[in-house]
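Values quoted throughout were computed directly from the atomic coordinates according to the rules given, and no laboratory measurement underlies them. Note that the coordinates shown come from a computational prediction; the quantities given were computed from them, not determined experimentally. Positions of Cβ are generated from backbone atoms using ideal geometry, with glycine treated the same way; all protein chains shown enter the neighbour counts.
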Amino acid sequence: MMVTLKSISRAPMTPKANSRLSGFYDLTIQERLARVREQVGLTDDEIRILGEGMGLSLDRAGAMVENAVGLYALPLGIATNFVVNGRDVLVPMAIEEPSVIAGASLAARLGRQSGGFTAEADDPIMIGQIQLVDLQDPYAAIEAVLASKERLMALANALDPVLVDLGGGARGIQARILSTAKGPMLIVHLLVDVRDAMGANAVNTACERLAPELAALTGGTPYLRILSNLADHRLAHARVAIPEEVLAFEAFTGAQVAEGIELAWAFAAADPYRAATNNKGIMNGVDAVVLATGNDWRAVEAGAHAYAARSGQYTSLSTWRRDGAGMLVGDLELPLALGTVGGATRVHPTAQVALKIMGVRSAGELAQVVASVGLAQNLAALRALATEGIQKGHMALHARQVAMAAGALGPDIDRIAEAMIEGHTIRIDVARSMLNQ
């Protein structure tokens, strides 16, 4: 049966939706699909897309990329327990790394006890850059550009009347002189509200249109005309406050765990070597949702890491502080250029189902969920580091992959994984030896 995008209806999660799916991990895949279907009202076609690998056909893949020869699949899982701005959300995540979905779900459960995550997103303003060189008087060029900004924005808006009708369009013109190894350059920024699109095509088209106009205004020669992936006008922010007592783990009191998380954050805030790994943990969660929804995770990664270095030193994207009243408060801010229309989000059936599962109706709502997942993932990693260490939980889940890599099938996968965990040695040579026995 051919599944078309017309058969996928995006709608908010039903009022009965509850992301607190106790025992979800212990269900079979078919049982999990049934639970998700019950929560968000998936159709038969949408269940087939998820359950039978019908998300992308070879024909559709061939139309999406050059030289297509096949499909590459990743596991698609559901992070549970999330409450974002008072709404229960089931979060699809496409990722190959063990422990990420489990960690996000655990952290969301901890945050759920105090109301979950609060999140907000800026208006979807993207930046287009036009580079001009060979200027006789760079500062006179700036004045000429700014004096004509209304006309320039009108020219940009004329290219996309549909975007303007939707409430988007050009929002501003900025200009600055940049000193470079090749001499001074005039860099003009075109700010565009792209609504529910990621916006690259609209912004790049507008930059191409304005380049000759800017050349005539300034006497300069235009070169690069392209959007910036440092979307610092399009930030998303998430916050969670967790009672310290719920962080207690084994021999560690909640206060000890909270102190350990704050110390781990302080390390990342001060040291780029630690910050890189801290932010990678955040992006484990962010990228998995971005990928599941057909968005450009490479652009999001580039923007996030550039934003982390905006002060001149690369630092943590998140902050964690004890408030002195028994709460651990976490904040995350990063650029999130995401879309719910256009690109792969529009043509990939699985991406459309993922958006329906989340119940998001705009790019801003999607950014709020993604930022919340990134903060949850960071909490899960820091909690592990502050208590048992990152390897214990991660390697327990990784043991199944090692068993499969050694050739284990069916029930042997779990048997060999459990034996390696009990023996505290999770290596492929050990797995092969157990399999041979």
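Each of His424, His305 was scored by other Cβ atoms within 10 Å of its Cβ. Listed from fewest to most, they are His424, His305.
Positive end of the dipole of the stretch 125-228 (Cβ unit charges, origin at the Cα centre): among Met153, Gly199, Pro184, the Cα lying farthest that way belongs to Pro184.
A dipole drawn for the chain from +1 and -1 charges on Cβ atoms has a positive end, and of Ala79, Ala344, Trp265 the residue lying farthest that way is Ala344. With respect to the chain, whose longest principal axis is taken over its alpha-carbon atoms, helix 254-270 is tilted by about 40°. How far is helix 138-147 tilted off the main Cα axis of the chain, in degrees rounded to 10, range 0 to 90? Helix 138-147 sits at roughly 90 degrees to that axis.
Between Asp122 and Ala216, the simple spin-label model (points 7 angstrom out along Cα→Cβ) gives 3.2 nm.
Taking other C-beta atoms within 10 Å as the exposure proxy, Arg383, Arg48 rank Arg48, Arg383 from fewest upward.
Between (i) 22.9; (ii) 23.8; (iii) 24.6, which entry matches Kirkwood radius over Cα pairs in Å as derived from the coordinates of this structure? Here Kirkwood radius over Cα pairs in Å agrees with entry (ii). Label positions at Gln437 and Arg322, each projected 7 Å from the Cα along the C-beta direction, are separated by 4.6 nm. Normalising the average separation of contacting C-alpha pairs (under 8 angstrom, six or more residues apart) by the number of residues puts the relative contact order of the stretch 241-360 at 28 percent. Which aspartates and glutamates, if any, have their Cα less than 12 Å from the Cα of Lys280, not counting same-chain residues under 8 positions apart? Cross-link targets: Glu301. Measuring nothing but how far apart in sequence close Cα pairs (under 8 Å, 6+ apart) lie, relative to its length, the chain scores a relative contact order of 20 percent. Each stretch of four or more DSSP H residues adds -39500 (n - 2.57); spread over every residue of the chain, this sum gives -15000 deg cm²/dmol at 222 nm. Distance between the modelled labels on Glu96 and Glu150, one decimal in nanometres: 5.5 nm (7 Å Cα→Cβ projection). Residue exposure proxy: Ile101, Ile226, Ile413, ordered by other Cβ atoms within 10 angstrom of their Cβ from fewest to most, comes out as Ile226, Ile413, Ile101.
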